[in-house]
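Asker: Sharing a structure here in structure tokens format.
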Amino acid sequence: MYWRRIAELPGWLKAVMAGQLVNSAGALAWIYLTLYLVEDRGMSAGEAGFAAAAYGVGLLGGNLGGGWFGDRFGLRSAAVASQLLWAVSCAAMPFVPTAGLGVLAAVAGLFGGASRPNLSALVATALPDSRRREGIALSRTASNAGFTIGPPLGGLLAAFDFSLVFVLDAVSSLVLAVIVWRFVPAGRRTVARVSAGLWRALLRDRSVVVLLATIVVVDTVYRQVFATMPLLLRDAGSPAVAYGVLIGLSSVVIVCCEAPLAVRLRGHRAFRVIAVGFALVGSGLAVLGVLPALGVLQVLAGATLAIVVITAGEMLYKPTATAYVADAAPEGMVGRYSSLYAAASISGMFLAPALGGSAYEHAPGLLFPVAAGLALAAGVVLALVGERGRAALPAGRQDDGRARADHAVDAAQ
């Protein structure tokens, strides 16, 4: 039944997901950026860190602003343009003088970030609300499948010639741009039916505001898996390769389970699913909090359990929250709403290393228990407050998502 449901997806949407797989397999520039700047361009660790931070600032700006261009000029056009400009930025990296690499990194982050909300909105608007979570889960599955291929391939290329990492990233981005331009229908321009501005629309729907706020909290604690968990495992005596295996395990679980899980839970209320996902993330972080008291083998077993539980929470809350925000957007604002969610969902990339690193240095025993408590508290807030905000909307406003599903291609221009 599950594979039959995939076959029933629009042909252009399946082509886009194939393009996302190729694109994520080649998405290597940001992974190897710091190493490239130090080893190949002779930067100090501090200089490379500033350049990587500039990329992060650009990434946040692209996620925030990309959806506006999608709403204004069409999701398809904005997605293609951002992919092409990202490809140009990658191809230019080996040729730009060292002094200009920080600026180029910021520009590349801006273009790379802009593509994310528009591609997400394309997938969301292609499907009726009953299949939106499933479609977004499949999109994430395609990306995660690519991520299991890309990093090892990038390591091999970097050992031969670091410039090839950026060439491959540029080529894979061009592949996705061509697929989107060739296969996504160029529907008519979407005209906003809502006269109020973005912020006024948001204030009328408190559920989205509450969801975005809790996503910022949970993403910050969730990304401790990448910011401080490696330090925790190292200090517990675990070999470095173990962390890489655990992250690979997370991607495999997502590829195998996320989309079928979304199909199974499609009839459940969104905020309940998201709240359970937050609770699972908190439970996994709580497991990490007890690892320092264990032996090496117990640490590895506990870390494996923690990663599986956290990944289960991720599979519940991420596709469901993405679909919910797109569904809640007024007509003509899907791109902007998706941009707000995209920015909230990467906020931990900036907050997690700074907050987590400082906490781990001064109070390592408190970091993961506090992180677990914050995730659990976010789930409680979402369950208690979020649905009330949604219930306060006029009935017609709640049905906007269903009305938009009948015009799925309109936003693709």
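Asker: Accessible area per residue, 1.4 Å probe, Å², for the chain: what's the number? Show your work: numbers first, answer last.
Answerer: Values: 17340 Å² over 413 residues.
Per residue, the chain has an accessible area of 42 Å².
Asker: Oh, and also: Regarding the range 129-180, what are the three Cα extents along the principal axes, ordered largest first, in Å?
Answerer: Over the range 129-180, Cα extents along the principal axes are 48, 23, 9 Å.
Asker: Kindly identify the range 160-283 as rounded, prolate or oblate by the Cα gyration tensor criterion: order the square roots of the eigenvalues as a ≥ b ≥ c, call it rounded if a/c is under 1.5, otherwise compare a/b with b/c, prolate if a/b is larger, else oblate. Please list the in-between numbers first.
Answerer: Details: a/c = 1.98, a/b = 1.21, b/c = 1.63.
Oblate.
Asker: Now for a separate question. Express in % the proportion of alpha carbon pairs of the range 94-157 at distances exceeding 16 Å. Before the final figure, lay out each step's value.
Answerer: Working: 1319 of 2016 pairs.
The proportion of pairs with Cα distances above 16 Å equals 65 percent.
Asker: Can I ask one more? Using the alpha-carbon centroid of each, what span in Å lies between the range 18-55 and the range 290-330?
Answerer: 25
Asker: Considering every pair of different Cα atoms, what Kirkwood radius, in Å, is found for the range 1-101? Mind showing how you got there, number by number?
Answerer: Working: mean 1/r = 0.0619 Å⁻¹.
The Cα-based Kirkwood calculation yields 16.1 Å.
Asker: What's the FRET efficiency of R72 with H268 using the Cβ-Cβ distance as r and R₀ = 41 Å, to the nearest 0.05? Please report the intermediate quantities before stating the final value.
Answerer: Details: r = 35 Å, r/R0 = 0.85.
Efficiency, rounded to the nearest 0.05: 0.75.
Asker: How high is the relative contact order of the chain? Use alpha-carbon pairs under 8 Å, at least six apart in sequence, and give a whole percent. Intermediate values should be presented prior to the final figure.
Answerer: Values: 701 pairs, mean separation 113.7, N = 413.
Computed over the chain, the figure is 28 percent.
Asker: Now for a different question. ³J(HN,Hα) across the range 108-125 via Karplus (A = 6.51, B = -1.76, C = 1.60, θ = phi - 60°), whole Hz, x for Gly/Pro?
Answerer: 4, x, 4, 5, x, x, 5, 6, 5, x, 6, 5, 4, 5, 4, 5, 5, 7
Asker: Return the carbon/sulfur percentage of the accessible area of the range 135-182, one whole number, probe 1.4 Å, all protein chains in place.
Answerer: On the way: 1580 of 2050 Å².
Here carbon and sulfur together make up 77 percent of the probe-accessible area.
Asker: Working out 0.36 nm times the residue gap between A159 and A7, then minus their Cα-Cα distance, what length gain in nm do you get to one decimal?
Answerer: Numbers: separation 152, 0.36 × 152 = 54.72 nm, distance 4.00 nm.
Here the segment from A159 to A7 would lengthen by 50.7 nm.
Asker: Take the Cα radius of gyration of the range 219-336 and divide it by 2.2 N^0.38 Å, with N its residue count; two decimals is plenty.
Answerer: Numbers: Rg = 16.3 Å, N = 118, 2.2 N^0.38 = 13.5 Å.
Relative to the rule-of-thumb radius for its length, the range 219-336 sits at 1.21.
Asker: Order 123-135, 342-354, 88-100 from most to least packed using the mean count of other Cβ atoms within 10 Å. Let's see the in-between values first.
Answerer: Numbers: 123-135: 22.8, 342-354: 19.9, 88-100: 15.8.
The most tightly packed comes first, giving 123-135, 342-354, 88-100.
Asker: Just from the alpha-carbon atoms, what are the Rg and Dmax of the range 280-386 in angstroms?
Answerer: When restricted to the Cα atoms of the range 280-386, Rg and Dmax are 16.4, 55 Å.
Asker: If N is the number of residues in the chain, what value comes out of its Cα radius of gyration divided by 2.2 N^0.38 Å? Before the final figure, lay out each step's value.
Answerer: Working: Rg = 20.8 Å, N = 413, 2.2 N^0.38 = 21.7 Å.
Dividing the Cα radius of gyration by 2.2 N^0.38 Å gives 0.96.
Asker: Also: I'd like the Karplus ³J(HN,Hα) series for the range 244-253: coefficients 6.51, -1.76, 1.60, θ = phi - 60°, whole numbers in Hz, and an x wherever there's a Gly or Pro.
Answerer: Working through the residues one at a time gives x, 5, 5, 5, x, 4, 4, 5, 5, 4 Hz.
Asker: Still on this structure, please answer the following. Rounded, prolate or oblate: which fits the range 265-317, taking a ≥ b ≥ c as square roots of the Cα gyration tensor eigenvalues, rounded meaning a/c under 1.5, else prolate when a/b beats b/c? It would help to have the intermediate numbers written out before the result.
Answerer: Working: a/c = 5.66, a/b = 2.93, b/c = 1.93.
Prolate shape, in that a/c is at least 1.5 and a/b is the bigger ratio.
The values are calculated or read from the model by the stated rules, or taken from the named source; none is laboratory data. Remember, it's a predicted structure, so these values are computed and weren't measured experimentally. Ideal geometry is used to build each Cβ from the backbone, glycine not excepted, and the neighbour counts take in all protein chains shown. SASA here: full protein model, heavy atoms, side chains in, ligands and nucleic acids out. Shrake-Rupley method; radii C 1.70, N 1.55, O 1.52, S 1.80 Å.
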